[in-house]
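K.L.:
I have a structure here, written as structure tokens, and I will follow up with some questions on it.
The values are calculated or read from the model by the stated rules, or taken from the named source; none is laboratory data. As the structure is a prediction and not an experimental result, all values here were calculated from the model. So basically every Cβ, Gly included, is an ideal-geometry build from the backbone, and we count neighbours across all protein chains shown.
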Amino acid sequence: MPSSYSQHLELPWVEKYRPKKLDDIVGNEETVERLKLIALDGNMPHMILSGLPGIGKTTSIHCLAYELLGPELYHQATMELNASDDRGIDVVRNKIKQFAQTKIQLPAGRHKIIILDEADSMTPGAQQALRRTMEIYSNTTRFAFACNQSSKIIEPLQSRCAILRYNKLSDEQVLQRLLEITKLEDVKYNSEGLQALIFTAEGDMRQAINNLQSTVAGFGFVNDVNVFKIVDQPHPLIIRKILSYCCSKDGQGVDNALQLLDSLWDKGYSAIDIVTSTFKVAKTLPGINEQKRLDMIKEIGFAHMRILEGVSTYLQLCGLYSKLCEL
Ligand SMILES: Nc1ncnc2c1ncn2[C@@H]1O[C@H](COP(=O)(O)OP(=O)(O)OP(=O)(O)O)[C@@H](O)[C@H]1O
Ligand SMILES: [Mg+2]
């Protein structure tokens, strides 16, 4: 086994570089600022943190708990239940109640913290069972829910909580973090490689870091070609080429576009991969006016819909690119 391989089998980098303090969390400055104020003040409200995957919700709750309770009490006075734990009505009735009832000596003004991660996967029944519990024990215990969709948390719980929203991270924020990690891990990379990681992660920091580590483990060098192999997506440069053939007026456009499509299809990319990539590239394709971009995106949207409905054939994609040539 090559040494670089075993060397990269250690802790996943997403864990190794999980921020320990609120200060280390990248992005969502306003929300994190609110959490810092709560940490200073000490009086944590019940709260819901909602937003897309991989942008720091779970991390934020743990950092907050750590800052509120300190290194020793943090382990004793927090309880985390996530989607991999059984969180049916019985657990809410027994485990959560039991924890809420245990007496732990805390500094004045501090509370025990129950973290319900991925709370949108809790059944409405279990959520209902929490309503009264939250109120009864609110003088000693505070709840923090993390979820992707706050609409999946029942209204009565929402009304008991402060709701903090997390937005997607910007490309610059992801890049900055990737640069820090590449430096610490001594990763060999070029800038196209990092751009590819950012393009495929779409603001999801966890995915960007995971793909970085996989690319290093698989190839030892982070360039665009390796990254797109790891994430198993068609290279956007090829898609961009197809789209520019579709926009060319030399009469050869459709043939050239379909020839490139063939090469992607032969490599085994699925229709959904190709159409999703086409959308992402069309959003930022240079050299076309606004109207043209809107028309393209509309057609891509229709093709996407048909593919999701099950018609994910080669013909579907040929149809899409022919349509784009006609625009
Ligand atoms: N804002 C951030 N700053 C720094 N690192 C981050 C940030 N967001 C995510 N990460 C990295 O991604 C990993 C996962 O983050 P986290 O568990 O907080 O995601 P999440 O928002 O809870 O996602 P999910 O909705 O999937 O549970 C962290 O361990 C960390 O390495
Ligand atoms: Mg989480």
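K.L.:
Only one of 130, 116, 175 is in the same structural domain as residue 75 (by TED's automatic domain parsing) and either within 16 Å of ligand 1 (Cβ to nearest atom) or touching a Gly at 6+ places or on another chain (Cβ under 9 Å) (or both); which?
P.N.:
116
K.L.:
Just checking, does segment 64-85 include any residue being assigned to a helix (DSSP H, G or I), within 14 Å of ligand 1 (Cβ to nearest atom), within 20 Å of residue 149 (Cα to Cα) and not assigned by TED's automatic domain parsing to the domain that holds residue 207?
P.N.:
No, the conditions are met nowhere in segment 64-85.
K.L.:
Based on this model, can you work out whether residue 106 counts as closer than 30 Å to residue 213 by Cα, away from ligand 2 (no atom under 16 Å from the Cβ) and in contact with a helix residue (DSSP H, G or I) (Cβ under 8 Å, 6 or more places away or on another chain)?
P.N.:
Taking the combined requirement at face value, the residue does not satisfy it.
K.L.:
I would also like to ask the following. Quick check on my filter: what residues within segment 138-167 are of a type in the set (Phe, Trp, Tyr) and either over 14 Å from residue 118 (Cα atoms) or within 19 Å of the chain's Cα centre (by Cα) (or both)?
P.N.:
145, 166 - these are the residues of segment 138-167 that are of a type in the set (Phe, Trp, Tyr) and either over 14 Å from residue 118 (Cα atoms) or within 19 Å of the chain's Cα centre (by Cα) (or both).
Residue by residue, here is whether (1) over 20 Å from residue 32 (Cα atoms); (2) part of a helix (DSSP H, G or I); (3) of a type in the set (A, V, I, L, M, F, W, C) holds:
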{"site": "49", "(1), (2), (3)": "no, no, yes"}
{"site": "61", "(1), (2), (3)": "no, yes, yes"}
{"site": "87", "(1), (2), (3)": "yes, no, no"}
{"site": "98", "(1), (2), (3)": "yes, yes, no"}
{"site": "105", "(1), (2), (3)": "yes, no, no"}
{"site": "114", "(1), (2), (3)": "no, no, yes"}
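K.L.:
Additional query: Look at segment 144-180 and say how many of its residues are surrounded by 18 or more Cβ atoms within 10 Å (Cβ to Cβ) and of a type in the set (A, V, I, L, M).
P.N.:
Residues in segment 144-180 being surrounded by 18 or more Cβ atoms within 10 Å (Cβ to Cβ) and of a type in the set (A, V, I, L, M): 8 in total.
K.L.:
Picking from 52, 64, 81, 37, which residue would you name as being within 16 Å of ligand 2 (Cβ to nearest atom) and surrounded by fewer than 16 Cβ atoms within 10 Å (Cβ to Cβ)?
P.N.:
Result of the check over 52, 64, 81, 37: 52.
K.L.:
Of all the helices (runs of 4 or more DSSP H) wholly in segment 195-258, which have at least 2 residues that are within 16 Å of ligand 2 (Cβ to nearest atom) and not small (Gly, Ala, Ser)?
P.N.:
Answer list for segment 195-258: 205-219.
K.L.:
On to the next question. Any residue at all in segment 286-298 that is surrounded by fewer than 19 Cβ atoms within 10 Å (Cβ to Cβ), among the basic types (Lys, Arg) and closer than 13 Å to residue 320 by Cβ?
P.N.:
So far as segment 286-298 goes, yes, one or more of its residues are surrounded by fewer than 19 Cβ atoms within 10 Å (Cβ to Cβ), among the basic types (Lys, Arg) and closer than 13 Å to residue 320 by Cβ.
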